[in-house]
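The values are calculated or read from the model by the stated rules, or taken from the named source; none is laboratory data. For clarity, every value in this text was computed on a predicted model and none was experimentally measured. Note that we place each Cβ from the backbone using ideal geometry, even for glycine, and neighbour counts take in every protein chain shown.
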Amino acid sequence: MKSIEQIAAELQGYDPRSLSASAVNAFLAQLVQPVKETTKVGIFEALGRVLAQDVISPLSVPPHDNSAMDGYAFSGAQLKRGEALQLKSVGTALAGKAWQGHVAADECVRIMTGAIMPAGLDTVVPQELATVSDDLVSIPPDLLQAGDNRRFKGEDLMEGHAALQKGERIGPAAQGLLASLGIDSVQVYRRLKVAYFSTGDEILSLGEPPREGAVYDSNRYTVFGLLTRLGCEVLDMGVVRDDPALLEAAFVKAAAEADAIITSGGVSVGEADFTKTMMKKLGDVAFWRIAMRPGRPMAVGRIDQSVLFGLPGNPVAVMVTFLAFVRPALLQLMGARANPLPLLKARSLEPIRKKPGRTEYQRGTVVTAADGALQVRTTGNQGSGVLSSMVQANGLIVLHHDQGNVATGDEVDVMMFEAVI
């Protein structure tokens, strides 16, 4: 396991006083080691879990060549350009059982969607394109090619091939895929345990009466939601006061029980340094100023075997740093393959001021224009304490490190919130 100093020495241009967003993710990718322990779960319990091994298909899907629609199956070799084709229908093939019988060159079989293709037949004319009179089926010229409307055996999945790969997070589609293969349980990595607490004498817990200079703790609840969406087991440790003994007890307990520790507050320059002092005392920790907005201060490292993320105290900065840095690191810790949130292109509906030299994550509202293109505008006040703007937004406008001012109509990258927060 590499130390903070060893990782820093391997990163070109590493500067903890002004670290780019990309350098943060590169550092965390070296810091985080995936969990090893696995367990078997049923399909209903598998949603959001990470596969610990490839799932090999025990059968082919579909198991036979079959019809893609209701119609008439025949041999496509009989089709000739510019000529209609007339065939005699000699029976009906139903889904769920093989059709028995012989089909001559000038014959066809009425077939239902999903029914096994009778031997020697490879093409289906949809019933709405055929003219039927008694048992005679007429097919107009030049509507079909040989092989049309046939699904091949194994065209979805072939027996013996990987249906799902190790490191994949199981979603609803994967649950259905497993069921289609007759698989009722899978081997997954165990759930992550993540301990979280807020720090500061000015933080009020819910239920406490208001007092001058104090604010109610929102970060515990946003972080709880973010971690729960990620599928983590959350250890909520409440609010820890600026007291060395209390902070030490909280960090020791968290490190003993959790794979990762997240704190908010106490890592900025000028703040009471009890939190930073305790991090240094108990662990191998780096303190960063990240070239970003909102956010900037952040602590990372390890206390014993637990990965530590010390986030800033402002509510929006907590959510942005979580999405930009902590979420991908936790996914790696869960054993998931690297899968950063996709960035969509949208036209800015307003000018946005931006200085090169830092990455900015501005809250935005994305809409679809009349021409089908995505458009985005900011939510207004981008202060890191304006939590209501995160509710109004449906994504973050990502203005990259070297990017400058944005003019109205310019394309920008957007990180959407859907299914994340």
Say whether the condition of being out of contact with any Lys or Arg (no Cβ under 6 Å at 6 or more places or on another chain), more than 29 Å from A26 (Cα to Cα) and either among the small types (G, A, S) or assigned by TED's automatic domain parsing to the domain that holds L226 (or both) is met by at least one residue in the range 351-360. no
Residues located in the range 106-148, provided they are surrounded by fewer than 21 Cβ atoms within 10 Å (Cβ to Cβ), polar (S, T, N, Q) and within 44 Å of the chain's Cα centre (by Cα): T113, Q127, Q145
Under 6 Å between Cβ atoms, which residue pairs at least 6 apart in sequence (or on different chains) link something in the range 223-243 that is farther than 15 Å from A254 by Cα with a partner that is modelled with pLDDT of 95 or more and hydroxyl-bearing (S, T, Y)? V223/Y196
Quick check on this structure: which one of G310, G265, G301, G270 is on the phi > 0 side of the Ramachandran plot and either under 25 Å from the mean Cα position of the chain (by Cα) or modelled with pLDDT of 95 or more (or both)? G301
Among (1) surrounded by 14 or more Cβ atoms within 10 Å (Cβ to Cβ); (2) assigned to a loop (DSSP other than H, G, I, E, B), E155 falls short only on (1)
Looking at this structure, is P356 at pLDDT below 95, within 24 Å of R296 (Cβ to Cβ), surrounded by fewer than 17 Cβ atoms within 10 Å (Cβ to Cβ) and of a type outside the set (G, A, S)? no
Checked pairs for the range 1-13, first at positive phi, second in a helix (DSSP H, G or I), C-beta under 9 Å and 6 or more apart or across chains, list as G13/A23
Sole exception among (1) over 18 Å from F224 (Cα atoms); (2) touching a residue at least 24 places away in the same chain (Cβ under 8 Å); (3) of a type in the set (A, V, I, L, M) for A195, by number: (1)
Mind checking which helices (runs of 4 or more DSSP H) fall wholly inside the range 205-324 and carry at least 3 residues that are out of contact with any helix residue (DSSP H, G or I) (no Cβ under 8 Å at 6 or more places or on another chain)? 219-230, 244-257, 315-321
Considering only residues that are modelled with pLDDT under 95 and out of contact with any helix residue (DSSP H, G or I) (no Cβ under 7 Å at 6 or more places or on another chain), which ones fall in the range 183-199? none
Note on the range 87-105: residues exposed (fewer than 13 other Cβ atoms within 10 Å of the Cβ) and over 44 Å from the mean Cα position of the chain (by Cα) are T92, Q100, G101, H102, A104, A105
Being over 19 Å from the mean Cα position of the chain (by Cα) and within 23 Å of S198 (Cβ to Cβ), is that true of even one residue in the range 318-330? yes
Find the residue count for the range 274-290, including only residues that are buried (at least 22 other Cβ atoms within 10 Å of the Cβ) and touching a Ser or Thr at 6+ places or on another chain (Cβ under 7 Å). 1
